[in-house]
1. For ALA192 and THR319 in the same chain, what is the full-extension length gain: residue separation times 0.36 nm, less their Cα-Cα distance, in nm?
2. Gaussian network model of the chain, Cα springs within a sub-10 Å range: biggest mean-square fluctuation belongs to which of ARG127, ARG218, ARG363?
3. Give me, ordered by chain and number, the residues 5 or more places off MET322 or on other chains with an amide H under 5 Å from its own placed amide H.
4. Please compute the Cα-Cα pair-distance distribution of the stretch 3-75 with 10 Å bins starting at 0, giving whole percents from short to long.
5. Between the stretch 245-276 and the stretch 288-325, how far is it from one alpha carbon centroid to the other, in angstrom?
6. In nanometres, what is the gap between the two model label sites at ALA343 and GLU183, each 7 Å from Cα along Cα-to-Cβ?
7. For the stretch 86-130 and the stretch 169-216, what is the centre-to-centre distance using only Cα atoms, to the nearest Å?
8. Could you give the length gained by full extension between LYS304 and GLU62, i.e. 0.36 nm per residue of separation minus their alpha carbon distance, to one decimal place?
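What follows draws every value from the coordinates through simple rules; no lab data is involved. All of these numbers come straight from a predicted model, not from anything done at the bench. Reconstructed Cβ throughout: ideal geometry from the backbone, glycine too, with neighbour counts over all protein chains shown.
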Amino acid sequence: MDLDKKIRGYALKNAIAYDGKAQQGSVVSALFHEGLKKEDMKTYGKKISEIVKEVNKLSLEEQKKEFEKLEKVVSERKEREGLPELPDVPKTGVVMRFAPAPTGPLHLGHIISNMISSMYVKKYGGRFYVRIEDTNPESIMIEAYEQIKKDCDWLFGNVKEYIIQSDRLKIYYEYAEKLIKKEKAYVCTCSAEEFKEIAIKGKECPCRNLSVKENLERWEKMLDKKGFKEGGAVLRFKSSMDDPNPAMRDFPLARINLKEHPRQKKKYRVWPLMNLSVSVDDIEYKMTHVIRGKDHMDNAKRQKMIYETLGLGKKFPWTFFMGRIKFTDLVLSKRKITKAISAGEYSGWEDERLPTVASLRKRGYKPEAFEKLAEHRGLNDVDKVMDSKDLFRLLDEFNR
């Protein structure tokens with residue numbers, strides 16, 4: 001293909017559709033469907049960026065006039081309907097998930113990041129789970145459990161099951177013991193400061209070479225109310241203490257937290273950390289594909305190590321890391337939103353000034369509008385900065 005013409009044609013087409021401002025991600029997505037490969041972006045990424053900037057400098061009338069000359073080049077492409085295809089889709093469909101924490105209201109950021117997973121299950125068949133990740137007793141809002149279910153029932157419409165992690169502690173304990181017995185996990189009694197110093201130097205913790213028997217005894221002591229005190233011991237995965245990334249070195253799997261859990265009260269004292277609980281649930285529920293933010297790249301590597309240790313490396317789900325959309329004028333922090341509501345700045349989660357799911361529903365937006373938004377974005381690993389006006393202009397168009 002004549003790439004320069006294709007790039008310019010798609011940039012013009014996108015600009016005309018959106019008031020004279022082409023979005024690079026949309027142009028790249030169109031080019032992928034023309035045959036451009038992800039690895040080609042090293043060669044052509046700069047060229048695409050330059051052409052998009054050139055097109056955006058033109059007036060809308062100039063863009064329309066120039067597009068008339070390139071319309072045939074663009075129209076040669078058969079328009080893709082729906083979402084781009086996923087690789088390695090089983091005949092039985094895909095298994096995917098959305099994993100919010102009950103720490104506050106679901107908001108626009110959750111929709112943008114997770115609507116696409118629900119849509120892929122609708123596209124291929126399979127199962128879509130909502131997994132409520134509540135293994136940190138300190139930050140939970142009890143009312144969030146019910147609100148998450150209400151929001152997700154309205155938004156997705158195809159949730160197979162709601163999984164609550166705090167109901168699954170014994171399953172995580174079983175997997176912890178498996179890892180200890182495989183000599184890939186150990187109970188570390190070094191203080192956080194001591195271990196951090198050891199990790200930075202790439203040295204081995206003294207606890208690292210204890211026998212399986214000693215580690216199982218220490219593990220029982222973590223679980224025992226008369227055993228280790230809070231902060232006295234941590235279960236760690238035995239990765240590598242000379243990994244180039246210090247954060248990957250013998251990362252923690254579980255810790256003692258004595259704060260009362262809103263649902264489980266004082267029933268448990270040892271709580272799994274994200275990489276243990278997520279790995280276990282993805283294994284148990286047979287996840288096939290995971291779409292998550294780029295901030296989880298290191299976590300995905302850690303979770304793959306756990307899969308491989310358990311002999312399940314080939315079953316690790318296909319993973320795509322979505323680019324982040326940073327809004328210049330929207331607060332999407334659950335903590336900040338909750339704090340503002342508590343301070344009386346907003347009437348509640350449905351306050352129409354907030355970007356919460358409850359508010360958007362009250363304002364008349366339909367789930368189909370968010371599906372169209374997800375389809376418009378597709379699988380996009382490019383970070384983007386935008387303001388709410390651009391977003392709501394798109395949403396209003398899709399909501400008609």
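1. Numbers: separation 127, 0.36 × 127 = 45.72 nm, distance 3.12 nm.
Stretched out fully, the ALA192 to THR319 stretch lengthens by 42.6 nm.
2. In this elastic network of the chain, the residue with the biggest mean-square fluctuation among ARG127, ARG218, ARG363 is ARG363.
3. Those qualifying (amide H under 5 Å, at least 5 residues apart or on another chain) are ARG292, GLY293, LYS294.
4. Pairs per bin, as whole percents: 22, 57, 19, 1.
5. That distance is 20 Å.
6. Each label point lies 7 Å from its Cα, and together they span 5.5 nm.
7. 33
8. On the way: separation 242, 0.36 × 242 = 87.12 nm, distance 5.07 nm.
Computed gain between LYS304 and GLU62 is 82.0 nm.
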